[in-house]
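Read through the structure below, which is laid out as structure tokens, and then see the notes.
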């Protein structure tokens, strides 16, 4: 693709969505009229809970069979989905219905006021041919903006959109499709096979050098996997009821979006980087009553990576997670590592976590390359059965570690009413000598049975109130300066 063609493609997309949408986030940050109440931060959680509501869709129903779709699992229904969505949108909105059957398709692009409703006996099978996800669209790969393969379900600059129903969305990724691009033998890669490393390094170098986004064009031959469901710069989004299987990469990835409700969703996908739900640079998000069994973090809150995250400078904030079940995963609820734009006001309550393959329950991963901030994290009423590593892990040594000039700011972490049956250790809190973690409060916490000593390095204002480990009050030997 020539540079001139790339530029025209970028401008055409920008014009279609409106210049303001193409270059600025949907939201500009928290409204001045919505302060975090002093003394009782959980009032903010109730405010989020009250404000984030499912969008309304008109009572119009468009069956994809009426647009030529055939549910035999072999006939491509890509054009039928496209026509049904366009007609629904043009009529003022409604529901595009996927009835019983197995429906093979390429990418599905949603438009404003359209709900993709996948009925209980329906399975949407996404093409295993990467070329079907071109032309490239504006997206993010590991927190960096680029043009790349379309996400499997994508919306750009739209309002009032939904993916609902009790059916199945199957990305059909496996050790022969998409996953080998990670470059690891356990995901099907063999020596001499294509993998993502060169393109990933090139993208990250472009971001650090300030190369304009319209020139960061990737696709065929670059092996950068796309997310499954990605509303990008959207407002008023509902993802509800569906089961998501076998994603190329991240499963649910709201990016630069506002008022997003994810509820009663089941994610069962164990491929590389198969995070369950990754709100990124998004505001007013509720994740409720979902089940996550994943190959990476169950929920990971993000805000852009390194120079690109600082360029976009849009935090993730006002996020409520409640009633969720986490099984396998690198982390149950994670912040980072792509969090250079900052994360604040995250609330987690009434969740259960347990698996010998769950590495960490509450995970905060960052370093001096990411920078950014994590402030205002509140968790309560959390039940944990088994966790393989630490229960609470705040680690400034993720990947690159210290010495790169962008020390993170992390603090105002409050965890209460948390119980654990067994874990390797209760706490792994590791700041830097020149950049301390500042403000961790634990109240009514029972870490259950642990086998390794806690690690606390360079933490200021660590408060323990009725914290038990191995049946006795927790006494820490900390490193500080």
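Read the figures in this text as sums done on the coordinates, not as results from a lab. The shown structure was predicted, so the numbers you read here are calculated from the model rather than taken from an experiment. FYI the Cβ positions are ideal-geometry reconstructions off the backbone, even for glycines, and counts take in every protein chain you see.
Average 1/r across all pairs of distinct alpha carbons in the chain, invert it, and you get the Kirkwood radius: 22.7 Å. Annotation: extensible slack from residue 70 through residue 417 equals 119.8 nm (criterion: 0.36 nm per residue apart, minus Cα-Cα distance).
Grouping the Cα pair distances of region 35-173 into 5 Å bins from zero gives a pair-distance distribution of 2, 10, 17, 19, 17, 13, 9, 6, 4, 3, 1, 0 percent in increasing distance order.
Scoring 283-295, 98-110, 173-185 by mean Cβ neighbours within 10 Å over their residues and listing the highest first yields 283-295, 98-110, 173-185. Cβ crowding within 10 Å, taken as a proxy for footprinting-reagent exposure, orders 298, 277 from fewest neighbours to most as 277, 298. Projected label points at residue 449 and residue 195, each 7 Å from Cα along the beta carbon direction, are separated by 3.9 nanometres. Taking each residue as 0.36 nm, the span from residue 63 to residue 350 lengthens on full extension beyond its C-alpha to C-alpha distance by 99.5 nm.
Averaged over residues, the count of other Cβ atoms within 10 Å places the peptides 449-461, 375-387 in the sequence 375-387, 449-461, highest first. Once both axes come from the Cα atoms, what is the angle between helix 3-17 and the longest principal axis of the chain, in degrees from 0 to 90, rounded to 10? The answer is roughly 90 degrees. Per-residue extension of 0.36 nm, minus the Cα-Cα distance of residue 289 and residue 220, leaves a gain of 21.1 nm for this segment.
Against the chain, whose longest principal axis is taken from its Cα atoms, helix 42-51 shows a tilt of about 10°. For the chain, the longest principal axis of the alpha carbon atoms and the long axis of helix 78-90 meet at an angle near 90°. Peptides 397-404, 347-354 ranked from most to least packed, by the mean per-residue count of other Cβ atoms within 10 Å: 347-354, 397-404.
Out of all DSSP beta bridges in the chain, what portion is antiparallel? Express it as a percent rounded to 5. Counting DSSP beta bridges with both partners in the chain, the antiparallel share is about 5 percent. Distance between the 7 Å Cα→Cβ label points at residue 208 and residue 174: 3.9 nm. Remark: spin-label model distance residue 424-residue 463 equals 3.0 nm, labels positioned 7 Å along the Cα→Cβ axis. Kirkwood-type hydrodynamic radius, region 418-471: 11.7 Å, calculated from all non-identical alpha-carbon pairs.
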